[in-house]
Amino acid sequence: MGQGMSEKKPVRPHPQSGRRSLVPGAGIVLAVILGAWLFWPKGQAPLPGVTYKPAYIEAAEMLHLAQVLSSDALEGRAAGTAGNEAARGFIHKRFEEIGLLPLPGFGGYTHTFPIVPREADAAPIIGANLIGFIPGRTPGEGPALLITAHYDHLGIREGEIYNGADDNASGASALVAVAEYFALNRPEHDIVIAALDAEEIGLLGARAVARMEGLEMSRVALNMNLDMVGRSEAGELYVAGTYHSPGLVPVIEALAERAPVTLLMGHDRPEDGPDDWTLQSDHGVFHQMGLPILYFGVEDHPGYHNPGDDFEFLTPDFFVRAADTLVMAAMAVDAELPRIYSLRRNPAAETDQPEGNAE
Ligand SMILES: [Zn+2]
């Protein structure tokens, strides 16, 4: 069981409506409380349940961030809540620590966007994406790679906290781990790193990225999206998107031969019906814009979208292997980005993204 966390989660009746309004500063208080925890020993300490020695990522840092993001204290990180704000604070701190640049032309990582809440009488919500930039060999020129992962989750429902350890504390912390590798090892092409908000209520963070000023979507050759990459007893990681861009198949086939997980292409055909993941997370927005996508995620498991999606149920050895595989995938895509750019289907449809109405 988790480090003294299993006896957590008393059922606390929280009135839904109160929670949705933005509580200025509460997140900061939470951040301070958890800050002490954040400095809990890391480094070379043996990682419980991890035998694999990663070649590319800092496993202790990644697991620690995933544990913090999925802790009860962040109360399921629903968009517009104090827990969501605190989660953003931790990711922001990691962006700084690994030396990510803001997007050219911007002074910081945070990009807010309005969200129209589902409930008519609810207060407006401000969503916030964190976007960092890693320059390639010719910054500002040529094709670019957009790597995304959402950090929000479902919050508290009927008094139960939905911690979303796999969905998507795993993807958000893997995103930081991948970014750290390229911040230390300059890629061939520019890479945009985006920790997205409000995925759970309509892919709203991704829609905000698609229509934002100052991010040249016309240069983006491919979106790589990470959502649920930390829990697989079978050791299997799926990649969806090659059905729509067959030119990506040789890249993934070569990667699958070297990857420290079982990497499977699939879940992207219309005939897959409800198991077609093409539109089921943030990559769906970029797919609809005609961009090639590679979505990495595990097969659904019992924790999916229920209060049981906790850190102690992640499979850490697989999680670390999956994160190494994600670095290898980004390296492989980076090496062929000019060719991959030619796989874009319909550049004209770039801007018609609808406003941020919560689903
Ligand atoms: Zn998700």
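The values are calculated or read from the model by the stated rules, or taken from the named source; none is laboratory data. A quick note: this is a predicted structure, and the numbers were derived from the prediction, not measured. As a convention, Cβ positions derive from the backbone with ideal geometry for all residues, glycine included, and neighbour counts pool all protein chains shown. Calculation scope for accessible area: heavy atoms of the full protein, side chains included, ligands and nucleic acids excluded. Shrake-Rupley method; radii C 1.70, N 1.55, O 1.52, S 1.80 Å.
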Checklist outcome for this item: Quick calc: nm separation of the 7 Å Cα→Cβ label points for Glu158 and Leu264 -> 3.1 nm
Next on the checklist: Taking 2.2 N^0.38 Å as the expected size of a compact globular protein, what ratio does the Cα radius of gyration of the range 262-338 give against it, to two decimals?
Outcome noted: 1.26
Checklist entry - To the nearest 10 Å², what's His111's accessible area with a 1.4 Å probe? => result 20 Å²
Item to check | Solvent-accessible ranking of Asp190, Asp300, largest area first, probe 1.4 Å | outcome: Asp300, Asp190
Item to check | Whole-percent carbon and sulfur share, accessible surface of the range 118-196, 1.4 Å | outcome: 49 percent
Next on the checklist: Full-extension gain between Asp275 and Arg186, please, as 0.36 nm times their residue separation minus the C-alpha to C-alpha distance.
Outcome noted: 28.4 nm
Checklist entry - Counting only the heavy atoms of the protein chains, how much of Thr81 is accessible to a 1.4 Å probe, in Å² to the nearest 10? => result 10 Å²
Checklist entry - Where only protein heavy atoms count, and the probe is 1.4 Å, what is the accessible area per residue for the range 291-334 in Å²? => result 24 Å²
Item to check | Area accessible to solvent at Glu141, 1.4 Å probe radius, in Å² | outcome: 110 Å²
Checklist entry - What's the center-to-center distance, using Cα atoms, between the range 204-234 and the range 175-201 in Å? => result 9 Å
